[in-house]
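The values are calculated or read from the model by the stated rules, or taken from the named source; none is laboratory data. All values derive from a computational prediction rather than experimental measurement. All Cβ positions, even for glycine, are placed from backbone atoms using ideal geometry, and neighbour counts span all protein chains on display.
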Amino acid sequence: MSESVLILGATSAIARATAAAFAARGKGLYLASRDLDELQRSAFDLHLRYGIEVRYGLFDAEATATHEAFFQAALEAMPDLSGVVLAFGYLGDQKAARDFSVGEKIIASNFTGAASILSHCANYFEPLKRGFIIGISSVAGDRGRQSNYVYGAAKGALSLYLQGLRNRLFASGVRVITVKPGFVDTAMTFGLPGLFLVASPQNIGERIVGALGKSADVVYLPWFWRHIMLVIQHIPETIFKRMKL
Ligand SMILES: NC(=O)c1ccc[n+]([C@@H]2O[C@H](COP(=O)([O-])OP(=O)(O)OC[C@H]3O[C@@H](n4cnc5c(N)ncnc54)[C@H](OP(=O)(O)O)[C@@H]3O)[C@@H](O)[C@H]2O)c1
């Protein structure tokens, strides 16, 4: 197999669209998530539609002790791994997350698990002096808001982690791209109140792959979220804490 991409959290709507965009460009794929049946269906579908080689395997972001063995198995299945897309994430219920036993799962799914698996990916690519890591964070990580600060804190930590990793891997020629989507029409946001400017997963997936052909390190999707977040970040705290955001 040549030029393969590992998709972590491959059952996510954004990940599926990203996988299809890579497949359309002839890349082989390794799909990873907790749902093997769904992965098998996706792998079959992508192989049929694009004629590419697709492998799949079990991956649980929270089971950090399994990550090293998982990554080794993925490498054995596709020795010419060219990049990784980290797409898994868990929004959870912010009200319930006032109880730390709930909040802990949000932090583990979005940040601790990501830091764990990315450490293996980075240590693999660094000596090879090639490869890319695309981490899907969120605009929610740009400013703490009362409505989702546990998820936001985990995504903010992920954004910082990716920023530092990018600095570390720059000298090795390994590309690290941080993707910050706004609202996307997926299972994660289904039925949530107050959504606006909602993008389709297909649009986001295509642009995630397109980001590899451009120079930006941090990509807001769609682009206008960069401006929206700039405004939100600059609202003075004395005003912001009175807003019901
Ligand atoms: N939708 C949005 O508006 C939006 C906005 C900004 C950022 N994002 C981010 O974009 C990414 C994709 O989100 P989406 O909207 O496409 O979500 P989605 O369709 O709800 O999918 C979430 C994915 O994360 C996986 N996942 C959750 N916990 C996991 C764990 N412990 N181990 C492995 N996989 C786990 C789920 O796998 P299972 O099928 O096994 O549950 C699922 O594949 C996420 O990182 C999300 O935070 C989304």
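Does LYS95 count as surrounded by fewer than 22 Cβ atoms within 10 Å (Cβ to Cβ), more than 10 Å from the ligand (Cβ to nearest atom), of a type in the set (D, E, K, R) and farther than 24 Å from ARG175 by Cβ?
Taking the combined requirement at face value, the residue satisfies it.
Within the range 126-168, which residues are among the hydrophobic types (A, V, I, L, M, F, W, C) and surrounded by fewer than 17 Cβ atoms within 10 Å (Cβ to Cβ)?
LEU128, LEU160
Looking only at residues in the range 75-92 that are within 14 Å of the ligand (Cβ to nearest atom) and not in a strand (DSSP E or B), which one is farthest from the chain's Cα centre (by Cα)?
GLY92
What's the number of the only condition in (1) in contact with a Phe, Trp or Tyr (Cβ under 9 Å, 6 or more places away or on another chain); (2) not in a helix (DSSP H, G or I) that ARG130 fails to meet?
(1)
For the range 116-138, indicate whether the set of residues that are within 15 Å of the ligand (Cβ to nearest atom), of a type in the set (A, V, I, L, M, F, W, C), in contact with a Pro (Cβ under 9 Å, 6 or more places away or on another chain) and modelled with pLDDT of 95 or more is non-empty.
yes
Condition first: within 17 Å of the chain's Cα centre (by Cα) and either closer than 24 Å to ALA211 by Cβ or of a type in the set (Asp, Glu) (or both). Can you find one or more residues in the range 48-60 that meet it?
Scanning the range 48-60 turns up at least one residue that is within 17 Å of the chain's Cα centre (by Cα) and either closer than 24 Å to ALA211 by Cβ or of a type in the set (Asp, Glu) (or both).
Would you point out which residue out of ARG175, ARG207, ARG145 is over 24 Å from ALA17 (Cα atoms), charged (D, E, K, R) and more than 12 Å from the ligand (Cβ to nearest atom)?
ARG145
Please work out if THR186 is buried (at least 19 other Cβ atoms within 10 Å of the Cβ), modelled with pLDDT of 95 or more and under 23 Å from LEU29 (Cα atoms).
no
Surrounded by 23 or more Cβ atoms within 10 Å (Cβ to Cβ), of a type in the set (Val, Ile, Thr) and in contact with a Leu (Cβ under 9 Å, 6 or more places away or on another chain) - does that describe any residue in the range 110-125?
yes
Is it true that some residue in the range 49-63 is touching a strand residue (DSSP E or B) at 6+ places or on another chain (Cβ under 9 Å), crowded, with 16+ Cβ neighbours inside 10 Å and in contact (Cβ under 8 Å) with a residue 60 or more places away in the chain?
no
Looking only at residues that are aliphatic (A, V, I, L, M) and touching a residue at least 40 places away in the same chain (Cβ under 8 Å) in the range 227-242, which one is surrounded by the most Cβ atoms within 10 Å (Cβ to Cβ)?
MET229
Between GLY194, GLY144, GLY173, which is at positive phi, modelled with pLDDT of 95 or more and in a loop (DSSP other than H, G, I, E, B)?
None of the others qualify; the one that does is GLY173.
Out of the range 1-57, which residues are among the hydroxyl-bearing types (Ser, Thr, Tyr), within 16 Å of the ligand (Cβ to nearest atom) and either in contact with a Gly (Cβ under 6 Å, 6 or more places away or on another chain) or not in a helix (DSSP H, G or I) (or both)?
Selection gives THR11, SER12, THR18, TYR30, SER33, TYR56.
So which pairs qualify, if the first residue must be in the range 204-223 and in contact (Cβ under 8 Å) with a residue 12 or more places away in the chain and under 15 Å from ALA24 (Cβ atoms), the second must be of a type in the set (Phe, Trp, Tyr) and not in a loop (DSSP other than H, G, I, E, B), the Cβ gap must be under 9 Å, and the two must be at least 6 apart or on different chains?
Once the first residue is in contact (Cβ under 8 Å) with a residue 12 or more places away in the chain and under 15 Å from ALA24 (Cβ atoms) and sits in the range 204-223, its partners that are of a type in the set (Phe, Trp, Tyr) and not in a loop (DSSP other than H, G, I, E, B) give GLY205/PHE22; VAL209/PHE22; LEU212/PHE132.
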